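Below you'll find the structure, written out as structure tokens, and then a few comments.
The values are calculated or read from the model by the stated rules, or taken from the named source; none is laboratory data. This structure is a prediction, so every number in the text was calculated from the model and none was measured. Positions of Cβ are backbone-derived with ideal geometry, glycine not excepted, and every protein chain shown enters the neighbour counts. Accessible surface is based on the protein model in full, side chains and every heavy atom, while ligands, DNA and RNA are left aside. Shrake-Rupley method; radii C 1.70, N 1.55, O 1.52, S 1.80 Å.
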Amino acid sequence: MNRETIAGHLAQALLFQDATSREIAACAEVARVRIIAAGDYVYHQGDASEVFYLVAQGEVELLLERDGGMARVVGRIGAGGHFGETGILTGKPHSLSVKALCDLVLICFDKRYFRVTILSNSRIHQRLDSTLAERLRVAFLDQVDPGGPDRQAVQDGEAGDILLFREKNHSSIQLRRLARQKKIDGRESKAVKRTREVVELFAANRDPYTITGETGTGKLMIAREIHQQSGRSGSQFLEIDLREYEPLRLIRLLFGSEQNSFPFAQARQAGFFEQTSGGTLVFSHAELMSEELQSRLVEAITSSSYRHIDSDRQVAMLSRVVLVSSFSLEHLAATDKLQPELLALFSRQHYHVSPLREHKEDLPRLVSHYLERHGREYGKNIVAVSSETLGLFMNYDWPGNLTELSSVIRRAVMLAKGNEIVPNQILLGLPKTEGKWEYNILRIDWIRRLLESRLYPVVPQVVVGSIFFLTVLLLFFGPADPQANLGLTIGWYIGWPLMFFSFFFLARTWCSVCSLAIPGTLLQNLLHPTRKTPLFIKNYSGWIMAVLCILVFWVEIVWNAYDDPLLTGSIILMITFGSILFSVLFSRRSWCRYLCPLGAVNAIFAMPSVLELRANRHVCLNRCQNHTCYRGDAEVPGCPMFRHPYLVDNNRDCTVCGKCIKNCENRSTQLNIRLAPQELWAMETPRRADSFLIVAMGAIFFPFALHGEFSHLVSLAGQALADLGIGLPGWLLASLLFFAGIFLFQLGYYLMVDVQCRYAGLDKNLLLPLFGYGCIPLILGGYMAVHLEFFVAGAGRAVPNLQEMFGQPHTYENIRLLSADSTYVLQVLTVLGGLFASLYAIYRIIGRVLVGEPVTSRALLIPYSFLLALAGFFVIIV
């Protein structure tokens, strides 16, 4: 069996459902294949646990062997299932024997590769954790009645090996450890106290209940603790992840069918309700529950009975049902994802779990718990984190909550060399969502050599800096006639259009060669400031940059900087002064990252680019020891944008300066050409400030593209007001029109999203920031179309400008680089390209907001109408 075949089998396994093709291929490289004949044993109970197995073909049965040679079948595992991990994780011998029912093909991972390949991958590990949370070791089975109902083996044909046994699970242990630590240090947050009260309250009755909260907040952990403290703790606890089941098949698995005489079929045919009789059944991602299942569930709970799918015989409903969702009850009700009858049953007992950012006082205890847990996992004795590390944790908002905290601590434990975690072992932030349709151009040798050499970005900076210096001199000391001033020609008709074109092809590379930052960088190299950027600026940088960007466009348009050399030069110097000031006061390029108005435009419009810089997460997790890509070394400084490539999931935060490429000795950094800019719809933490700026740029497009007509409109409005006896200065009237346009666009955007959410039943809190990202390609296409005309019509002025400077004969006639008709065709194609990209991005965004439901024409009607109307206006104006 070759590596491609192995990868194909891995891709079909539930354990690898969230893994990317690259991750699966990496796992296939270290796997080996073992073939077992029918009737032979894979291993015996008591053998050493050295290998993790995944069933590629065939089926095995799990046997509990007892004294006297007796054995009992406790479960079966078919293709796609896995086994053998429990012994590896616990360091104990196998507690069951595994026998091949037919000729068997197994994909095997030796213990070392299981740890470094499977466990180091957060997505695969999370799948493994969800299985282990339901599968309890059988180390104590010989102390329990083997025929008792709580020893029923539950076989899930899709997930494979899911055995449910009674034992205190990790989640219960975690809560109790936190409770013990509370007694020791005498402190308890309101969130922990409230959770403890809810656990006691819900455990004291048998009614169904609902737990809601953000992803990673420990909702299932709380449900398990309620089960353990209730009178049902002697029976099974089973979680059903609705994402993993086809609705009709799930109904068959839940309600089961009549039993038959075949002994090995009983575990398969007994429905989940029977298997959890007297126990607890949890539906996670409850918002995905089908309407038919909801109706059946309401009937079963209210009547306390149900029927098998192939029988009319009534069976007592003895399972306690729990709904778990990342959405609030209000959202579930408003979007009709759950029927009113079902909500009425489950809203009587409801607990919303607070996100970690709202109870950071619990961080020290949680950190201690995860240090102990992962220290045992990797055989290390990590006793504490440094005070500076704990400070980093306290300043971070943990969008991934407990799941993210566990992942961060796990990686730090892997890297730790002493008994304390220090800051350089910590990576904060959610890793990027990896996708397909990418090609790493660093595989091309001359490109890698160029970016790793000292020539980049120094040579482009020198060239651009020289042109920039000449432009500023010409703006202040050149001809006052706008048409004759070479500085205006270079700035507005060559440099500015080329910058907008570069957004699509080179992402934010323009920022890495920007001359406005060079004076500040030179001073910073002399002074070596160590102050960190103030937290207020970091927290509100999106809004600050948006406001500064709007103000720059306001000055340009209202006072017509396109025909004013001194005003244009002053704008450039003001931005340069800001860069110098912040370079002297704070470390790295804090101005570029958090404040620069031009950086705001670059950041937003670089997101749909065909170029991206990302990191190979597997290399970062398993081989990196020093983070030089982020921290720098003696020769090359670290990332000027304060971002570790491992955490970069969008072009907004990367200037493609190449420092991480130079510094990474493991060659983890990749420079990819991509087909689909996934960050537009897969952004882990969408920002409302970004959408605000995107919509504002859509409004600014009109006075920008029509600045001549805009001035005429201002004159007409001024004359009309003068006829009414109202006299307003021209700049004031132009300002009112400018900001009125932005206000109307923002209001229209908000109302459009609000109507869309009400009409299609979507989550407004998620769609409001996300929808703006989907509009970026269209708005960028509009600006590129306008700047194409600027470039074609004005770049040719450079030649007569030079001739006039040197006293040569010159003319400003016939200087277009392309005919007006040809230019218009290219402009329309540019807008249409942006429109199609936005339509696809919005389709993906709506699909994300719908959470697994099919995207219907009803859900797309309003946003598509908005985009088509906006594109129509763009085509008319250009």
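Couple of notes before you dig in:
- Test: residue 516 is open to solvent by 50 Å² or more (accessible area, probe 1.4 Å), farther than 24 Å from residue 789 by Cβ and not in a loop (DSSP other than H, G, I, E, B): no
- The listed residue being more than 22 Å from residue 772 (Cα to Cα) and aromatic (Phe, Trp, Tyr), out of 806, 874: 806
- Taken over region 682-710, the residue count meeting the criterion of being crowded, with 16+ Cβ neighbours inside 10 Å and of a type in the set (S, T, N, Q) is 1.
- Listed by first and then second residue, the pairs with beta-carbon distance under 7 Å, at least 6 apart or on different chains, first residue in region 278-305 and within 18 Å of residue 326 (Cα to Cα), second of a type in the set (Ser, Thr, Tyr) and crowded, with 19+ Cβ neighbours inside 10 Å, are 281/319; 285/325; 286/325; 287/325.
- Checklist (1) of a type in the set (A, V, I, L, M); (2) free of Cβ contacts under 8 Å to residues at least 60 places away in the same chain; (3) open to solvent by less than 30 Å² (accessible area, probe 1.4 Å) applied to residue 344, failing item: (3)
- Any chance residue 444 is open to solvent by less than 30 Å² (accessible area, probe 1.4 Å) and out of contact with any Phe, Trp or Tyr (no Cβ under 8 Å at 6 or more places or on another chain): no
- Residue that is surrounded by 15 or more Cβ atoms within 10 Å (Cβ to Cβ) and either modelled with pLDDT under 95 or assigned to a helix (DSSP H, G or I) (or both), where the choices are 855, 825: 855
- Within region 688-710, residues that are closer than 18 Å to residue 558 by Cβ and at pLDDT 90 or above have Cβ atoms under 8 Å from residues that are among the polar types (S, T, N, Q) and surrounded by fewer than 23 Cβ atoms within 10 Å (Cβ to Cβ) in these pairs: 696/746; 699/746, counting only partners at least 6 apart in sequence or on another chain.
Here's the yes/no breakdown for (1) under 20 Å from residue 120 (Cβ atoms); (2) open to solvent by 70 Å² or more (accessible area, probe 1.4 Å); (3) under 26 Å from the mean Cα position of the chain (by Cα):
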site: 366; (1), (2), (3): no, no, yes
site: 380; (1), (2), (3): yes, no, no
site: 384; (1), (2), (3): no, no, no
site: 413; (1), (2), (3): yes, no, yes
site: 439; (1), (2), (3): no, yes, yes
site: 448; (1), (2), (3): no, no, no
site: 455; (1), (2), (3): no, yes, no
site: 467; (1), (2), (3): no, yes, no
site: 472; (1), (2), (3): no, no, no
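- Criterion (part of a loop (DSSP other than H, G, I, E, B) and surrounded by 15 or more Cβ atoms within 10 Å (Cβ to Cβ)) met by exactly one of 815, 862, 776: 815
- Region 290-309, residues that are more than 13 Å from residue 255 (Cβ to Cβ) and out of contact with any helix residue (DSSP H, G or I) (no Cβ under 7 Å at 6 or more places or on another chain): 291, 302, 303, 304
- Tally, over region 83-120, of residues that are in a loop (DSSP other than H, G, I, E, B) and either under 21 Å from residue 26 (Cβ atoms) or out of contact with any Leu (no Cβ under 7 Å at 6 or more places or on another chain) (or both): 10
- Close pairs from region 213-228: first closer than 18 Å to residue 355 by Cα, partner open to solvent by 10 Å² or more (accessible area, probe 1.4 Å) and of a type in the set (Lys, Arg), Cβ under 6 Å, at least 6 apart: 213/219
- Residue among 529, 497 that alone is open to solvent by less than 30 Å² (accessible area, probe 1.4 Å) and in a loop (DSSP other than H, G, I, E, B): 529
- Test: residue in region 102-115 that is acidic (Asp, Glu), surrounded by 18 or more Cβ atoms within 10 Å (Cβ to Cβ) and touching a residue at least 12 places away in the same chain (Cβ under 8 Å): no
- From the list 196, 249, 206, the lone residue that is among the basic types (Lys, Arg) and either in a strand (DSSP E or B) or crowded, with 16+ Cβ neighbours inside 10 Å (or both) is 196.
- Conditions (1) in contact with a Leu (Cβ under 6 Å, 6 or more places away or on another chain); (2) on the phi > 0 side of the Ramachandran plot: number failed by residue 346: (2)
- Residue check, residue 393 aromatic (Phe, Trp, Tyr) and under 21 Å from residue 647 (Cα atoms): yes
- Residues (in contact with a Pro (Cβ under 8 Å, 6 or more places away or on another chain) and of a type in the set (A, V, I, L, M, F, W, C)) located in region 665-682: 680
- Qualifying residues in region 286-315 (those that are surrounded by 15 or more Cβ atoms within 10 Å (Cβ to Cβ) and among the hydroxyl-bearing types (Ser, Thr, Tyr)) - the one farthest from residue 273 (Cα to Cα): 290
- When residues in region 575-593 are screened for being over 15 Å from residue 541 (Cα atoms) and open to solvent by 30 Å² or more (accessible area, probe 1.4 Å), 6 of them pass.
- Only residues that are farther than 24 Å from residue 549 by Cβ, free of Cβ contacts under 8 Å to residues at least 12 places away in the same chain, out of contact with any Lys or Arg (no Cβ under 8 Å at 6 or more places or on another chain) and in a helix (DSSP H, G or I) were counted across region 723-764, and they come to 3.
- Qualifying residues in region 72-93 (those that are open to solvent by 60 Å² or more (accessible area, probe 1.4 Å) and under 14 Å from residue 44 (Cα atoms)) - the one modelled with the highest pLDDT: 93
- Some residue of region 42-61 being outside any helix (DSSP H, G or I), touching a Lys or Arg at 6+ places or on another chain (Cβ under 7 Å), open to solvent by 30 Å² or more (accessible area, probe 1.4 Å) and more than 25 Å from residue 130 (Cβ to Cβ): no
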